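Okay, so here's the structure we're looking at.
The values are calculated or read from the model by the stated rules, or taken from the named source; none is laboratory data. Bear in mind the structure is a predicted one, so any value in this text is a computation, not a measurement. Every residue, glycine among them, receives a Cβ derived from its backbone with ideal geometry; neighbour counts consider all protein chains shown.
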Ligand SMILES: NC(=O)c1ccc[n+]([C@@H]2O[C@H](COP(=O)([O-])OP(=O)(O)OC[C@H]3O[C@@H](n4cnc5c(N)ncnc54)[C@H](OP(=O)(O)O)[C@@H]3O)[C@@H](O)[C@H]2O)c1
């Protein structure tokens, strides 16, 4: 991948994070081209990362082996249709636009075969994301590996087999950070109701969330086993967990993920019908 040139079409938040991650993992800055309609974005990217910047999407694509489409989903159709003539069969296209299906993207790109859909989540902006990837049939093994390396610059990656799984992934990891933020808010409020001040509640909740996630990632045990290990019979955790189960926590998450998955499919239909 080091010898390839990557063009980012759209140099906003997500492109900036991907570029930062790529350069931190030793990808040469000189092999990154960014085009954006906002010249201030380009100036700031050139200053921060010493990448090539352009206002001309077409020229960016011409210089690239890999094209990362990083504009908002609502403008992707127009951008893709304009760029289609420059996207020759040898170029890999990676779209990070939320909710835009591979089949729609391929049709906007005049049937281009080497297309990967990536769905990163917001913690990618701080290098701790997780991205679902889906490849069209025309994507080679080498191109799959290139797409994966780009997204791995901002976190973990996971390949999916079917487009419908993207809606489930969107409902879990795409919307998931907000579910955890809500849990943090609720736990902070509960901490304050029990007499802790706001600063103490914030510190305890955030460090506990971080520590629990770190343990779950690093210790070779299922979350259920970890939970059982901190739940002494007759102890405080047992009481607290019983209250959460009584309140229907599992059902609430089941409903949340189902509702979000359904909405993800609806939005993808709308974006495809533009
Ligand atoms: N941020 C996230 O957490 C996240 C998570 C998952 C997926 N994504 C996906 O990542 C993509 C980018 O999101 P973002 O948060 O980075 O958005 P963003 O910060 O708004 O970046 C998009 C950039 O593209 C520019 N742009 C608009 N039209 C353009 C055109 N025709 N040609 C070139 N550049 C153009 C925008 O300029 P203007 O601002 O002047 O319009 C902006 O600088 C989206 O499709 C989004 O669905 C983002």
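Remarks
- Residue in segment 36-52 that is in contact (Cβ under 8 Å) with a residue 40 or more places away in the chain, within 15 Å of the ligand (Cβ to nearest atom) and either outside the structural domain of residue 144 (by TED's automatic domain parsing) or surrounded by fewer than 22 Cβ atoms within 10 Å (Cβ to Cβ) (or both) present: no
- The requirement of being buried (at least 22 other Cβ atoms within 10 Å of the Cβ) and either under 16 Å from the mean Cα position of the chain (by Cα) or in a strand (DSSP E or B) (or both) is satisfied by residue 124.
- Test: residue in segment 238-255 that is touching a helix residue (DSSP H, G or I) at 6+ places or on another chain (Cβ under 6 Å) and surrounded by 13 or more Cβ atoms within 10 Å (Cβ to Cβ): no
- Which listed residue, of 161, 189, is over 16 Å from the mean Cα position of the chain (by Cα) and within 21 Å of residue 240 (Cβ to Cβ): 189
- Selection count, segment 135-152, where residues are surrounded by fewer than 22 Cβ atoms within 10 Å (Cβ to Cβ) and within 16 Å of the ligand (Cβ to nearest atom): 1
- Filtered by the rule that a residue be near the ligand (Cβ under 10 Å from one of its atoms) and buried (at least 20 other Cβ atoms within 10 Å of the Cβ), segment 53-68 gives 57, 60, 68.
- For segment 69-88, a tally of residues being within 12 Å of the ligand (Cβ to nearest atom) and not in a helix (DSSP H, G or I) returns 4.
- The strands (runs of 3 or more DSSP E) falling completely within segment 1-68 that include 3 or more residues that are at pLDDT 95 or above and under 15 Å from residue 147 (Cα atoms) map to 6-9.
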